[in-house]
Amino acid sequence: MVQELKKLLAAECQRQFDIDIEPQLEIPDRKFGDYATNLPLQVAAKTGKDPKAIAESLAKVLKKLPQISEVKVAGPGFINFFLSDKAILDSLEQGPLLHYKGQTVVVEYSDPNPFKVLHVGHLYTSVVGDAIAKILEAAGAKVARVNFGGDVGLHVAKTMWAVRQRLGGEYPEKLTKMAEKTGPDWLAEAYAEGNRAYEEDTKAKEQIRELNERIYTLHDEKDEDSNLAKIYWLTRKWSYKCFETFYGMIGTHFDRFYPESETAGLGLKVVRENIGKVFEESEGAIIFKGEVHNMHTRVFINSQNLPTYETKDIGLALKKWQDYHYDRSIIITGNDIYEYMQVVLKALEQIEPELAKKTVHITHGLVKATGGIKMSSRLGNIIRAEDVLSAADKANTKANKQQNSDVALGAVKYAFLKQRIGADIIFNPDESVSLQGNSGPYLQYAYVRAHSILKKSNNTTKPHPLAASLENEERSLARKISEYQEVVTKATDELMPHHICTYLYELAQTFNRFYETNRIIDDPRQPIRLKLVGAYSKVLKNGLELLNIPVLERM
RNA sequence: GCCCCGGUAGCUCAGUGGAUAGAGCAGGAGACUUCUAAGCUCAAGGCCGUAGGUUCGAAUCCUACCCGGGGUACCA
């Protein structure tokens, strides 16, 4: 309906004032109306005519429409109007617009590294990335969720070095006794050790660099039998197994994992082909000069002749294209690699301009946890993802006297998703779970209440004609429900799921107010009210599903 | 130095050109005891980092500066 009204206003501006303009309809403070537009001010700016006169003239047209009940001209040239009750009732239960229909979108997120710890930052991007993938799917896109991880590179060599120290040499048989469950933490500790040694001990640094080369070679030669290879493949398997378990736990999945070892070859080939065109040699390395593009220079192939992350990322971009022929490629990472990615994308633009044009890089902040979550110094002062989940579970159990991992998970997800993507996130498990207000459990509980009414009504009601008009509080609820489609569209256009959170919270609040003072079952207005509760619970459920927050029928 | 991100109520955040800047938490007051109270109502709380500028209109755009975080050649 919004679309129709916009179109009509645009046509009217064309007819009356001979200008081409795209009208914006805003949802203002409720007392002003259901919609407001500053169109007259925009028209006035272009034509030099009096905005109030323009407003009056456009208002006349709106007044004639059956879906509009009241139109007012206000302030310096706003038009405010109310929808008719019928128009509102007709627009309940509108699903998301399918404006991504027929498009393929690759969404890359989470990106944990094997051989390192799966930390709270990975949990965050997993939740946010999943929500973005979901809203794109709801808009009709075919979405591929992909995950990029460094199974080769300096950090792997650091871990391998410490593993070798711990085993007293390259003795894979000593590892087989270790349970897969404790393996990942053991590796993460080893990484922290290796990293320290790399920085503090020049001899260790030398050995780590040498190991780095050996690990690349191991891939090139498809070595599975040497002692180092046996250690490598076994520990690598631990990591990937741990990732799968984790994604299962938070209810997400990936269509494809791209280990760096699989993108390095293609990246190297393409970078080498473009030496002299895009890249150049400098101090024994192959670099991309960023300064001409107002960026900084980065090394793509180091002087050991090994690919850096940059080259593997170029390989990844090309692989994704080969695999999916996407219309859009979305990459979600921390903002610490913003400038890095700018350089990589600029280099990609020189090689494959079309791919760079289709790529969007979304960056988010750091998660800083408080409220009883401790950093692990053994892992290098890092908070593990599972520590956050278990802290939330504990806080919920304590606050509500019963354990429910769906509530705890919903609380964590909502706490992450409700904030606009970009700035750092301060996460407090106590607040997200045990406290009331704008939280995941509040929304889950709101759904439970609606569900319980609907369930009860199934047994008691007979079909009845609906009331033709709405009472005040019914109207507020109905109006809020009908905003859903616009909100989801906005979230999809901006790739910002937090808009949905804000909306769902306001919706639940509106419902709770209504519910507090109005009977539904055994009330003369039962039929219309049940219709509203039905539409409300549908929208709430749909919204929570877009965020991948568990929807419960009982709590 | 240069580049990027952030700075809104005691705390955590919405609001990114429109009307009197909104929520939650914490602290204060209250109603009702129900279709699930993890709820509802009311009051209190603001130099929107600072100073200029653009505009009919600025938390929002521009410029400079201050504070916090990040990046800046062989890490990811």
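Listed values, structure above:
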{"item": "Identity of the residue in segment A:142-156, assigned to a strand (DSSP E or B) and of a type in the set (A, V, I, L, M, F, W, C), that ends up farthest from the chain's Cα centre (by Cα)", "result": "A:148"}
{"item": "Selection count where residues are under 24 Å from residue A:321 (Cα atoms) and either touching a strand residue (DSSP E or B) at 6+ places or on another chain (Cβ under 6 Å) or part of a strand (DSSP E or B) (or both), scope segment A:258-285", "result": "8"}
{"item": "Residue in segment A:13-28 that is in contact (Cβ under 8 Å) with a residue 60 or more places away in the chain and in a loop (DSSP other than H, G, I, E, B) present", "result": "yes"}
{"item": "When residues of segment A:488-527 are limited to those that are surrounded by fewer than 22 Cβ atoms within 10 Å (Cβ to Cβ) and β-branched (Val, Ile, Thr), the one farthest from RNA strand B (Cβ to nearest atom)", "result": "A:489"}
{"item": "Count of residues meeting criterion [within 12 Å of RNA strand B (Cβ to nearest atom), open to solvent by 10 Å² or more (accessible area, probe 1.4 Å) and in contact with a His (Cβ under 8 Å, 6 or more places away or on another chain)] in segment A:91-133", "result": "3"}
{"item": "Some residue of segment A:360-369 being under 21 Å from residue A:132 (Cβ atoms), modelled with pLDDT under 95, assigned to a helix (DSSP H, G or I) and open to solvent by 30 Å² or more (accessible area, probe 1.4 Å)", "result": "no"}
{"item": "Matching residues, segment A:74-90, being near RNA strand B (Cβ under 7 Å from one of its atoms) and assigned to a strand (DSSP E or B)", "result": "A:74, A:78, A:80"}
{"item": "Contacts under 6 angstrom Cβ, first residue in segment A:408-437 being open to solvent by less than 60 Å² (accessible area, probe 1.4 Å), partner more than 9 Å from RNA strand B (Cβ to nearest atom) and among the acidic types (Asp, Glu), 6 or more apart", "result": "A:408/A:393"}
{"item": "Every residue from segment A:55-70 that is away from RNA strand B (no atom under 12 Å from the Cβ) and among the aliphatic types (A, V, I, L, M)", "result": "A:58, A:59, A:61, A:62, A:65, A:68"}
{"item": "Flag if residue A:42 is out of contact with any helix residue (DSSP H, G or I) (no Cβ under 7 Å at 6 or more places or on another chain), in a helix (DSSP H, G or I), in contact (Cβ under 8 Å) with a residue 12 or more places away in the chain and within 16 Å of RNA strand B (Cβ to nearest atom)", "result": "yes"}
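The values are calculated or read from the model by the stated rules, or taken from the named source; none is laboratory data. Because the structure is a prediction, the values reported are computed rather than measured. Ideal geometry is used to build each Cβ from the backbone, glycine not excepted, and the neighbour counts take in all protein chains shown. Accessible surface areas use protein heavy atoms only, side chains included; no ligands, DNA or RNA. Shrake-Rupley method; radii C 1.70, N 1.55, O 1.52, S 1.80 Å.
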